[in-house]
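Please read the structure below before turning to the comments.
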Amino acid sequence: MVWGFVTCGPNHALVVSGFFHAKPLLVAGGRTFVWPMIQQVQEISLKTMTLHIESAKVYTALGVPINVIGVAQVKIQGQNKEMLLTACEQFLGRSKIEEIEKVALETLEGHQRAIMGSMTVEEIYKDRKKFSKNVYEVASVDLMNMGITIISYTLTDVSDDHGYLKSLGMGRTAEVKRDARIGEAEAQRDSRIKKAIALEEEMAAKYLNDTEIAKAKRDYELKKSTYDSEVNTKKAEAEIAYALQVAKTQQRIREEQMQIKVVEREQDIAVQEQEIQRMQRQLDATVRRPAEAEKYRLEKLAEANRNRVILEAEAQAEAIRIKGEAEAIAMEAKGSADADRLTRKAEAYKLYKDAAVVELLLEALPKIAASVAAPLTNTNKMTLVSTGGEIGAAKLSYEILETVLRMPQLISTVTGVDITKTVTNKSSNSNWA
C-alpha cells in the first residue's frame, strides 16, 4: 500500500479515491498526499498511442474490394477532468496500455470500414483528405465517450488485389499525358506566337530605329554638306583672294624686276655698241684687210688650179676614148671570130646530126657528175641509216654513178635522141670502117 506523498510524471495521472473524496481525485503530472488505510491511489498513462489501422478487402459503395491503411495518434486527455474521469472509469482497471490501444484500434478500424463502404474507390483515391476527415469526425465522438482524444488521422495507403486502381491510374496517366501533350503543344504554340509577336515588335522597333537613324544621318549629312559647302566657299574665296593678292604682289615684283632688267639691258646695249665699234676698228686693222689680201691670193691660186684640173680631165677623157675605141675594135674582132666558129660548128652539127648531139652530151656528162657530187664537198658530217646492204663512201659513189647513168634515159625522154643507141651505132660504124 502506498501512502504519504505520491508523485507522477507529465505523461501519467494519479487517481486518489477513498475517505475525504466524494469523487476520485485526479492529479495529472503532479503530486498528492495519500492517507494510509483510508485512501487508495492508482496511476493511468497519458502517453500518445500510435495506431496502424488496416482494413483489408472492404467493399466500397460500388462493390469494389480495396485495402486501406490509416495511421492515428490518440491519447487520454489529462487536462479535461471529465474526459479523464471517463477514461478512468473505462480503463483504470486494465493492467497494460496495449489493452487501451486495442480498444481504440478496434473502434477506429470499425469506423474506417464504415466510411470505406460509404464512398467509391475514386472518391477515396482522389480525395484522401475528405476520407481522413470523415473517419476523424465519426471516430472522435465514440472515442471521446471513452475519454480518448484523436490527435490526428492520416490515410497512408490504398490498394486492391484486382488491378482496379492500376486501371484508374493508367487511364489517369493517359489523361495526364494527353493533357500534358496538349498543354505542351499549346505552350509551344503560345510560345511561338509570343515569339513571333516579339520578333515582329523587335523588327518593327529595329526598322523604326533604323529609319530614325537614317533620317538623323540624312539630316546630319545634309547639314554637314551645307556647312561644308559654306566652309569650302569661304575657304575658296579666301584662297582666291590670297592667290589674287599674291599674284598682284608678284606682278608688281616682276614689273620692278623688268624695269631693272630694262635699265641693265640699256646699259649693256650701250656697252656692246661701244665694244662693237672697238671690235670693228680692230677687225678692220687685224682681219679685214689681211683677209682681203688673202682672198685675192686664194682666188688666183684657185683659178690656176681650175685650169690645171680642166686640162688634166681633158687629157684623161681623150685617153679613155682612145682606149675604148681600141677595146671595141678588139671585141668586134673577137665576136667575128666566135661567130665564125659557131657558124662552122653549127654547119658541122647539121652534117653529123645525132653524133654532134652525142658529142655535146658527152662533153657535158663530167660537168653533170661534178654538179651531182658538188653537195658532198660542202658536207661536214653525214649520218647514214640502212636496214642492210652496202653503206658508206662506196654507196655514195654508186649513187652518183647511178644518177649519171640515168642521164641518157632523161635526155631521150626530153629530146627524143637515144644516146646509147647512137653511141653503139657510131662504134659499129667505126669498127666496120
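Just so you know, all these numbers are worked out from the coordinates, no wet-lab data involved. As the structure is a computational prediction, the values presented were derived from the model and not from experiment. Every residue, glycine as well, gets a Cβ built from its backbone with ideal geometry; the counts of neighbours run over all protein chains shown.
See the values below:
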{"read-out": "Rough spin-label spacing in nm, given labels placed 7 Å along Cα→Cβ, for E54 and E264", "value": "14.1"}
{"read-out": "Separation of alpha-carbon centers, the range 309-340 and the range 104-139, rounded to whole Å", "value": "173"}
{"read-out": "Long-range HN-HN contacts of T120 with modeled amide H, under 5 Å", "value": "A61"}
{"read-out": "The range 135-185 - Rg (one decimal) and Dmax (whole number), Cα, Å", "value": "19.4, 58"}
{"read-out": "Residues with amide H under 5 Å from that of E43, placed H, sequence gap 5 or more", "value": "V15"}
{"read-out": "The range 63-208, relative contact order in percent, only Cα pairs under 8 angstrom and at least six apart counted", "value": "38"}
{"read-out": "Euclidean distance between Cα centres, the range 209-242 to the range 59-75, Å", "value": "93"}
{"read-out": "Length gained when the stretch L168-L62 is fully extended (0.36 nm per residue, less Cα-Cα span)", "value": "36.7 nm"}
{"read-out": "Ranked packing of 198-208, 46-56, most packed first, by mean Cβ within 10 Å", "value": "46-56, 198-208"}
{"read-out": "Cα-Cα pairs of the range 65-142 separated by more than 19 Å (percent)", "value": "45"}
{"read-out": "Base-10 log of normalised Debye intensity for the range 98-164 (one unit scatterer per alpha-carbon) at q = 0.12, 0.19, 0.24 Å⁻¹", "value": "-0.33, -0.75, -1.06"}
{"read-out": "Average Cα contact separation per residue, the range 46-86, under 8 Å, 6 or more apart, as relative contact order %", "value": "42"}
{"read-out": "Potential extension, K130-W35 segment - 0.36 nm per residue separation minus Cα distance", "value": "29.0 nm"}
{"read-out": "Three-way shape label, the range 1-101, alpha-carbon gyration tensor, a/c 1.5", "value": "prolate"}
{"read-out": "Whole-Hz couplings from phi, Karplus 6.51/-1.76/1.60, listed for the range 269-281; x for Gly and Pro", "value": "4, 4, 5, 5, 4, 5, 5, 5, 4, 5, 5, 4, 5"}
{"read-out": "Estimated inter-spin distance, S336 and V309, nm [label 7 Å along Cα→Cβ]", "value": "4.3"}
{"read-out": "Sequence-distant aspartates and glutamates (8 or more away, or on other chains) whose Cα lies within less than 17 Å of K248", "value": "E237, E239, E256"}
{"read-out": "Value of relative contact order over the range 14-139, rounded to a whole percent, pairs C-alpha under 8 Å and six or more apart", "value": "22"}
